[in-house]
Amino acid sequence: MHTAAGIEYLAVPPAGDPATAPVVIAWHLLSPPSTPRSFADAVPLAGLDAWRIYPALPLPEGDVRQLGYADAVRNLQYPIPHAAALAFPAMLDELRERLGFGDVPVGLVGGSAGAAAMLSALVGGADVAAAVAISPVVQLKAATDATGRVFGVEYPWDAETLAMAAELDFVARAAEITAPLRLIVGDQDDAEGFRRPAEALHAALPGSDLVIVEGMGHALADAQLVPVPHAAQVDALAVDWLRTHLT
């Protein structure tokens, strides 16, 4: 693992010319696959002649699980994608200098919280040719409430955290997204937390695409970080969209 702008990353070079190949930045999930290496195993973007760069999400210090129990939104769900998006421009500049690629098309991929990071970069004005959001956190409030239902708790929203949720409500901010976006969500994922927000973003965003994967839940790997069977289908869907728009 190397570091750019303080962010650890895994880089997979293209088969062709490294100076002219497009670049894809792919942020992992917080649920499995929850590391750059395991996300690269699950979503290798097989057959895409591009730089494939998997940055680590900027996790806070301490026990992530305990931080989540203490305050999921303030400690994890808002600051992680927010920090990843803020770091993206400087990270890309440093990667361009280090890896030697020029002013080439850039694609973004993100899973769950990594998709929130990706969408934050898009609404922040990142110059991106194509994007793929997998099991995405499209609306922070809906996703947080869905996670609470899994654990049998109700998150205590207040004015400050509702403002954070509004910032990460990409349905409300759809007009700020200009890159061609494909949304991929499993039909077994939580309807209120993930499927319906993805459907709402697709409806609000002309030129976007929505794929519902039959039999797929939220994660792309098991607890041992082994990719689930649907990961290969997701990878093919991502490659198809990126190849269309990057090359």
Within the stretch 71-94: backbone nitrogen closer than 15 Å to the Asp127 label point (7 Å, Cα to C-beta): 89-94
Skipping prolines and chain starts, which residues have an amide H placed within reach, meaning under 5 Å, of the one on Val213, given they are 5 or more residues away or on another chain? Val185, Gly186, Asp187
Explain nothing, just the number: dipole magnitude of the chain about its Cα centre with +1 on each Lys and Arg Cβ and -1 on each Asp and Glu Cβ, in debye rounded to the nearest 20. 180 debye
Using label points projected 7 Å from each Cα along Cα→Cβ, tell me how many nm separate Val226 and Ala90, to one decimal. 4.0 nm
For Ile212, what is the net charge nearby, where nearby means another residue's Cβ is under 14 Å from its Cβ and Lys, Arg count +1, Asp, Glu -1? -3
Net charge near Ala19, counting Lys/Arg +1 and Asp/Glu -1 over other residues with Cβ under 15 Å of its Cβ? -2
Hey, rough spin-label estimate for Glu167 and Asp187, points 7 angstrom out along Cα→Cβ, what's it come to in nanometres? 3.8 nm
Which FRET efficiency, nearest 0.05, do His2 and Ala204 yield, Cβ-Cβ r, R0 35 Å? 0.40
Ignoring GluC sites (Glu not before Pro) buried by more than 12 other Cβ within 10 Å or outside DSSP loops, the longest site-free run in the chain is 62-153
Simple SL model, points at 7 angstrom along Cα→Cβ for Arg37 and Glu61; separation in nm is 2.4 nm
Hz values of 3J(HN,Hα) by residue in the stretch 216-230 - Karplus curve (6.51, -1.76, 1.60), Gly and Pro given as x: 9, x, 8, 7, 10, 8, 8, 5, 8, 6, 7, x, 6, x, 6
Counted charge near Val132, where neighbours are those whose Cβ lies closer than 14 Å (Asp, Glu -1; Lys, Arg +1): 0
May I ask you to list the chymotrypsin sites (Phe, Trp or Tyr not before Pro) in the stretch 165-247 that are in a DSSP loop and have at most 13 other Cβ atoms within 10 Å of their Cβ? none
State the answer as a single residue: which of Ala133, Gly207, His2 lies farthest towards the positive end of the charge dipole of the stretch 2-246, with beta carbon charges of +1 for Lys and Arg and -1 for Asp and Glu, about the Cα centre. His2
Please find, in a Gaussian network model of the chain (springs between Cα atoms separated by less than 10 Å), the residue of Val226, Val150, Val104 whose mean-square fluctuation is greatest. Val150
Length gained if Gln233 through Glu176 is fully extended, taking 0.36 nm per residue and subtracting the Cα-Cα distance, is 17.6 nm
Determine the dipole magnitude for the stretch 176-247: charges of +1 sit on the beta-carbon of Lys and Arg, -1 on that of Asp and Glu, nothing else is charged, the reference point is the Cα centre, and the result goes in debye to the nearest 20. 220 debye
Segment Glu154-Arg74, length gained on full extension (0.36 nm per residue, minus Cα span): 27.3 nm
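FYI, it's all coordinate maths here, none of it is from the lab. Here the structure is a predicted model, which means the values were calculated and not measured. So basically every Cβ, Gly included, is an ideal-geometry build from the backbone, and we count neighbours across all protein chains shown.
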